[in-house]
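Below is one structure; the comments refer to it alone.
The values are calculated or read from the model by the stated rules, or taken from the named source; none is laboratory data. What you see is a predicted model, and the numbers here were worked out from it, not measured in a lab. Glycine gets a Cβ as well: all are built from the backbone with ideal geometry, and neighbour counts include every protein chain shown.
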Amino acid sequence: MAEITLSGLAHSYQASPAGAADYAIRHLDHVWEQGGAYALLGPSGCGKSTLLNIISGLLAPSEGEVRFDGVAVNDLPPEARNIAQVFQFPVVYDTMTVFDNLAFPLRNVKTPEAKVRERVAEVAEILELTDRLERKARNLSADDKQKVSMGRGLVRDNVSAILFDEPLTVIDPQLKWKLRRKLKEIHRRFAVTMIYVTHDQLEASTFADKIAVMYDGQIVQFGTPRELFERPNHTFVGYFIGSPGMNFIEVHARDGEVVSGAFPLVLDAATARRVAQVCRDSSNVKLGIRPEFVEVCTEAGADTMTARVLQVQDLGTYAIVHLGLGEISLKARIDEGQPMPGHEAHVHFPAQHLGLYVDEFRREDRR
């Protein structure tokens with residue numbers, strides 16, 4: 001196992017990058033602590049796989065340094081980094097048996113045969129491949145081939161880290177939850193550093209203790225699933241995490257009020273003061289609130305705003321209500337049993353659930 005440090009890392013696929021837009025990975029400093037279970041989460045094209053390939057040594061960074069336990073490994077080839085990598089599509093030897101596929105990484109480093117058999121049996125049991133050990137890999141289903149591919153990454157007990165690059169893409173959806181659980185079990189059992197790349201927030205949340213969210217070649221937040229949900233550090237994290245994503249309202253200060261377009265918002269005094277203060281320095285100011293935290297009432301109150309009910313999506317145990325607040329489009333979640341508004345609703349934004357975002361990044365209250 002190793003602590004993996006990325007220092008001043010950047011990468012461009014162009015020979016002479018002219019600016020930030022030419023970089024797949026922009027300036028990045030990050031530490032993956034030894035023995036952690038991490039997810040690298042983001043949309044296609046944000047730089048996830050590029051970053052993983054830099055860590056494994058399949059790609060040399062344009063700038064910066066990769067260190068394992070404090071030792072620079074930029075000049076080391078993949079085989080010298082002692083990294084196991086599991087790719088999006090299965091990498092197996094079709095003419096070999098499942099046993100020989102799993103044994104291959106161990107035999108390649110001259111592991112005694114007794115140890116080989118012990119480790120293969122252990123990993124095969126965890127991945128439920130024991131009854132397939134004597135079968136040729138070419139006769140396996142796509143699901144089982146990917147389990148073998150994952151097992152090849154897991155079978156060595158001395159790896160610095162295991163990197164997973166969207167490994168469940170080809171797996172039947174009904175089996176994905178089971179394999180995620182298996183990976184968690186493996187991590188608890190062997191305590192090896194694992195980095196799991198995915199674009200699926202459910203996969204990231206169920207696998208990882210901490211998630212690094214990537215956007216436009218940068219890690220914009222690193223935290224627990226709960227931290228990402230409750231206090232997104234960047235507007236992209238708010239949009240990307242949650243279903244539906246966070247509501248963001250563009251605001252500015254006018255004559256002692258906080259307005260969005262021409263619509264005056266009813267806010268607590270402390271939030272209104274903070275908005276007025278940051279608006280002096282930036283014209284890109286937003287308030288963010290999760291649909292789960294928007295309070296929807298059927299009757300008006302002193303701290304509510306009147307909204308039009310545009311659409312109601314009934315999802316069984318809860319409903320998503322689409323609201324029009326002036327020119328603002330807003331979503332609210334109403335749980336089963338709560339009163340459902342008709343054509344009109346009255347909404348309230350609880351101060352403790354409002355986030356203030358300046359130039360897309362969260363601005364914490366310094367009181």
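Summary of computed values
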quantity	calculated
Qualifying residue in segment 307-319 (condition: in contact (Cβ under 8 Å) with a residue 40 or more places away in the chain, surrounded by 12 or more Cβ atoms within 10 Å (Cβ to Cβ) and out of contact with any Gly (no Cβ under 9 Å at 6 or more places or on another chain))	no
Filtered residues of segment 157-216 (kept if part of a loop (DSSP other than H, G, I, E, B), farther than 26 Å from residue 57 by Cβ and among the β-branched types (Val, Ile, Thr))	171
Test for residue 137: is it free of Cβ contacts under 8 Å to residues at least 12 places away in the same chain and of a type in the set (A, V, I, L, M)	no
Residue that is surrounded by the fewest Cβ atoms within 10 Å (Cβ to Cβ), among those in segment 13-25 that are in contact with a helix residue (DSSP H, G or I) (Cβ under 8 Å, 6 or more places away or on another chain) and under 13 Å from residue 218 (Cα atoms)	24
Residue check, residue 65 acidic (Asp, Glu) and in contact with a strand residue (DSSP E or B) (Cβ under 6 Å, 6 or more places away or on another chain)	yes
Candidate set from segment 235-265 (those that are assigned to a loop (DSSP other than H, G, I, E, B) and surrounded by fewer than 17 Cβ atoms within 10 Å (Cβ to Cβ)); member that is modelled with the highest pLDDT	244
Scan of segment 266-275 for residues that are surrounded by fewer than 17 Cβ atoms within 10 Å (Cβ to Cβ) and part of a helix (DSSP H, G or I), ordered by number	269, 270, 273
Among the candidates 94, 29, 100, residue that is in contact with a helix residue (DSSP H, G or I) (Cβ under 8 Å, 6 or more places away or on another chain), assigned by TED's automatic domain parsing to the domain that holds residue 159 and of a type in the set (Asp, Glu)	94
In segment 244-257, the residues that are touching a residue at least 24 places away in the same chain (Cβ under 8 Å) and more than 13 Å from residue 358 (Cα to Cα)	244, 246, 247, 253
Number of the exception - residue 308 against (1) assigned to a loop (DSSP other than H, G, I, E, B); (2) assigned by TED's automatic domain parsing to the domain that holds residue 355	(1)
Residues of segment 156-168 classified as surrounded by fewer than 23 Cβ atoms within 10 Å (Cβ to Cβ) and either touching a Gly at 6+ places or on another chain (Cβ under 7 Å) or touching a residue at least 40 places away in the same chain (Cβ under 8 Å) (or both), total	6
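Quick grid of which residues meet (1) at pLDDT 95 or above; (2) under 28 Å from the mean Cα position of the chain (by Cα); (3) of a type outside the set (S, T, N, Q):
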site: 80; (1), (2), (3): no, no, yes
site: 85; (1), (2), (3): no, yes, no
site: 90; (1), (2), (3): no, yes, yes
site: 93; (1), (2), (3): no, no, yes
site: 97; (1), (2), (3): yes, no, no
site: 100; (1), (2), (3): yes, no, yes
site: 109; (1), (2), (3): no, no, yes
